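Structure first, then comments.
The values are calculated or read from the model by the stated rules, or taken from the named source; none is laboratory data. None of the values given here were measured: they were computed from a predicted structure. Cβ: placed from backbone, ideal geometry, glycine included. Neighbour counts: every protein chain shown. Side chains included, ligands, DNA and RNA excluded: accessible areas come from the protein's heavy atoms. Shrake-Rupley method; radii C 1.70, N 1.55, O 1.52, S 1.80 Å.
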Amino acid sequence: MKSRTIVGLPVTRRIWACLLVALLALAGTCLLPTVAHASSTTTLVVQVRQDNAAATSMLKRINTQRKKNGLVKLKLDKELTSAAITRAAEVAVYMPLESPHRRPDGRLARTVNGRVSYECCAESTNCSESMIVDSWMDSLSHRAGILLQSARSVGIACVTVGKSYQMYENQQVWILEFSSTATKATPPTKGRKTYTKKVRMANANVKAGKFAVTDRIMGFKKTVPLERGDSCEMNPTFKSKRTAWATEISPKSFTWKSSNPSVASVNRNGVIKGKKRGTTVITGKLKNGLGRQVKIRVKVTE
């Protein structure tokens with residue numbers, strides 16, 4: 001594995017950080033009472049791409065561990081996998097390290113689906129499912145989930161977040177949702193599929209975070225050079241104080257406006273088109289009216 005540094009931690013150490021801080025919170029996931037979600041929330045749109053083959057591989061590795069311990073094999077469940085993918089999008093945006101199984105709007109993780117009895121989660125870059133399972137087995141609380149005696153089915157999310165062209169840098173999220181109920185339907189075991197998820201966050205968590213925007217291809221932060229007739233797509237990110245990554249969020253989370261549409265226009269998907277020589281400022285504003293904005297300057301040349 002090629003180690004990459006994320007906020008001062010190599011990837012291998014970052015996985016351990018995510019796992020170790022979860023010990024106390026995860027151990028009590030099934031015991032804590034359900035709490036009401038925050039009354040005032042913001043919706044951020046996030047795209048995640050599920051790797052069904054990786055999920056199938058992860059299931060085999062989990063069942064190998066269960067067999068070693070005399071436990072029944074788990075079956076992959078379509079409904080639980082859908083819940084796991086939803087949680088993956090949520091964890092990518094906001095995973096408070098002191099309580100990683102609390103959803104961004106304040107609810108407990110198990111509220112994602114009434115069948116869920118235990119959850120494991122991890123974030124990484126450039127890691128395989130085998131590395132994640134090995135790390136989980138070295139963590140007391142995650143090991144307890146994988147070896148949960150009552151478990152009969154599981155949902156598995158193995159997702160990359162956003163649409164980055166630099167795939168080796170993509171944020172990865174791994175989620176297991178265990179249930180004592182029997183499998184109702186089996187999800188696909190091959191291929192990949194992109195899902196668009198709406199993540200509801202408490203406004204306090206949104207206000208505490210940091211938004212930024214670049215163009216998607218080159219990553220220009222201050223001024224995007226654009227030739228007349230060409231176009232580029234905005235790439236907004238959100239960095240929570242509670243998470244290590246600046247997560248890609250969909251431009252659909254914002255309403256977009258150009259200060260000079262005759263120079264460059266911008267559509268609702270954050271796609272900018274150069275029209276004539278000059279400069280303009282593109283502004284994206286959160287749709288819920290919190291007042292949070294992202295801005296970038298565009299310079300159009302002939």
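Conditions: (1) touching a Lys or Arg at 6+ places or on another chain (Cβ under 9 Å); (2) open to solvent by 70 Å² or more (accessible area, probe 1.4 Å). Glu227 meets all but one. Number of the miss? Among (1) touching a Lys or Arg at 6+ places or on another chain (Cβ under 9 Å); (2) open to solvent by 70 Å² or more (accessible area, probe 1.4 Å), the lone unmet condition for Glu227 is (1). For region 150-158, check the following and say yes or no: at least one residue is open to solvent by less than 20 Å² (accessible area, probe 1.4 Å), among the aliphatic types (A, V, I, L, M), in contact with a Leu (Cβ under 7 Å, 6 or more places away or on another chain) and more than 16 Å from Arg110 (Cβ to Cβ). There is at least one residue in region 150-158 that is open to solvent by less than 20 Å² (accessible area, probe 1.4 Å), among the aliphatic types (A, V, I, L, M), in contact with a Leu (Cβ under 7 Å, 6 or more places away or on another chain) and more than 16 Å from Arg110 (Cβ to Cβ).
Within region 222-244, work out how many residues are part of a loop (DSSP other than H, G, I, E, B) and more than 19 Å from Ala202 (Cβ to Cβ).
5
Considering only residues that are modelled with pLDDT of 95 or more and not aliphatic (A, V, I, L, M), which ones fall in region 74-102? Residues satisfying the conditions are Lys75, Asp77, Lys78, Glu79, Thr81, Ser82, Thr86, Arg87, Glu90.
Looking only at region 115-128, decide whether some residue is crowded, with 19+ Cβ neighbours inside 10 Å, polar (S, T, N, Q), part of a strand (DSSP E or B) and in contact with an Asp or Glu (Cβ under 7 Å, 6 or more places away or on another chain). No, because not a single residue in region 115-128 is crowded, with 19+ Cβ neighbours inside 10 Å, polar (S, T, N, Q), part of a strand (DSSP E or B) and in contact with an Asp or Glu (Cβ under 7 Å, 6 or more places away or on another chain). Tallying residues that are touching an Asp or Glu at 6+ places or on another chain (Cβ under 9 Å) and at pLDDT below 95 within region 271-286 yields 0.
On the stretch given as region 79-114, residues that are assigned to a loop (DSSP other than H, G, I, E, B), open to solvent by 30 Å² or more (accessible area, probe 1.4 Å) and not hydroxyl-bearing (Ser, Thr, Tyr) total 4. Name every residue in region 226-254 that is out of contact with any Asp or Glu (no Cβ under 9 Å at 6 or more places or on another chain) and within 30 Å of Glu302 (Cβ to Cβ), in order of residue number. The answer is Gly229, Asp230, Ser231, Phe254. Just one residue in the set Thr86, Thr111 is among the polar types (S, T, N, Q) and within 11 Å of the chain's Cα centre (by Cα); that residue is Thr86.
Scanning region 185-220 for residues that are of a type outside the set (Gly, Ala, Ser), within 24 Å of Val300 (Cβ to Cβ) and in a strand (DSSP E or B) yields Val213, Thr214, Asp215.
Residues that are acidic (Asp, Glu) and over 30 Å from Lys241 (Cα atoms) within region 48-94 comprise Asp77, Glu79, listed in sequence order.
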